[in-house]
Amino acid sequence: VVGTKFYEVSHSGLATERGTLSTGVGVVDIDANSLEVFLVDGVTGYKFTLATNVFATNTRVADIGGSKRTAYLDQYAIYAPQGSAFFISSLADSGAIDDLDFASAEGRPDELVSFVVANRQLYLFGKSSTEIWLNTGAADFPLQRYEGMVMGVGCAATYSAQVANGVPVWVGSDNSGTGSVWMANGYVPQRISTRAVEEALSSSSDISQAVGHVHQWRGSSFYCLNVPGLDTTWVFDFLTQ
């Protein structure tokens, strides 16, 4: 997405405009399955069908209150309006969301800040804790909380949470404060930021607006963090730690 335009870029670098979003500010989050690409911009949602190249507004995302993030787990698209609840779509159809297909964080309920999917597990980041949910195939609602798996570190910045090198990485917060960077080591949060990094993060004008992104280069995986008020991008190299 560039501005309000949604593009498909070929392997040769050719960009083809495929659709138009109704908003032109903020962050757009994107995920996909084998049939479609789905997007959210915090206000509404969109769906691009790969077989037909049709781009359409997903009005059901606006109906549930919008969503800043989206992710894909076992053919379900996941959305979360402001609050503690999250919704799932129908199987293999990101645009179909039933009003009753929702659940809430239960282990240590707090406001849901962000979420990611890693290794077929849904990480729900609150302000001071993180829960892990699995697809158990239950009839009423297929996703269930992984009993006992509640991490005592939440998320300070919605778009900082990313999956890098196969594990969730995020800017953390808990009841004592915020400003460290964490990754999930199994089901235990592991601090990966140094004192120097945390000193820099503490000078941010608004750390809640930090944005993380991930890339690979020459065999290394990198988690990169852009933070308002800082004139540099902080980067964690998983190969060298």
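Below are the figures for this structure:
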{"quantity": "Candidates Val188, Val181, Val197, Val211, filtered to the one that is over 17 Å from Phe125 (Cβ atoms) and β-branched (Val, Ile, Thr)", "calculated": "Val197"}
{"quantity": "Residue satisfying all of: in segment 43-59; aliphatic (A, V, I, L, M) and in a strand (DSSP E or B); farthest from Ile30 (Cα to Cα) among these", "calculated": "Val54"}
{"quantity": "Subset of segment 97-106 that is part of a loop (DSSP other than H, G, I, E, B) and either of a type in the set (S, T, N, Q) or out of contact with any Lys or Arg (no Cβ under 7 Å at 6 or more places or on another chain) (or both) - its residue that is most open to solvent (accessible area, probe 1.4 Å)", "calculated": "Leu100"}
{"quantity": "Total residues in segment 21-50, condition open to solvent by 40 Å² or more (accessible area, probe 1.4 Å), farther than 14 Å from Ser94 by Cβ and out of contact with any Phe, Trp or Tyr (no Cβ under 7 Å at 6 or more places or on another chain)", "calculated": "6"}
{"quantity": "Val37, sole failed condition from (1) in contact with a helix residue (DSSP H, G or I) (Cβ under 9 Å, 6 or more places away or on another chain); (2) hydrophobic (A, V, I, L, M, F, W, C); (3) within 18 Å of Val116 (Cβ to Cβ)", "calculated": "(1)"}
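For (1) farther than 17 Å from Arg69 by Cβ; (2) without any contact (Cβ under 8 Å) to a residue 12 or more places away in the chain; (3) open to solvent by 30 Å² or more (accessible area, probe 1.4 Å), each residue gets a yes or a no:
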site: Arg108; (1), (2), (3): yes, no, yes
site: Glu111; (1), (2), (3): no, no, yes
site: Leu122; (1), (2), (3): no, no, no
site: Ser129; (1), (2), (3): yes, no, no
site: Asp140; (1), (2), (3): yes, yes, yes
site: Glu147; (1), (2), (3): yes, yes, yes
site: Gly152; (1), (2), (3): yes, no, yes
site: Ala164; (1), (2), (3): no, no, no
site: Gly172; (1), (2), (3): no, no, no
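The values are calculated or read from the model by the stated rules, or taken from the named source; none is laboratory data. The structure displayed is predicted, hence computed values, not measured ones. Positions of Cβ are backbone-derived with ideal geometry, glycine not excepted, and every protein chain shown enters the neighbour counts. Each accessible area value is taken on the protein alone, full model and side chains, heavy atoms only, with ligands, DNA and RNA left out. Shrake-Rupley method; radii C 1.70, N 1.55, O 1.52, S 1.80 Å.
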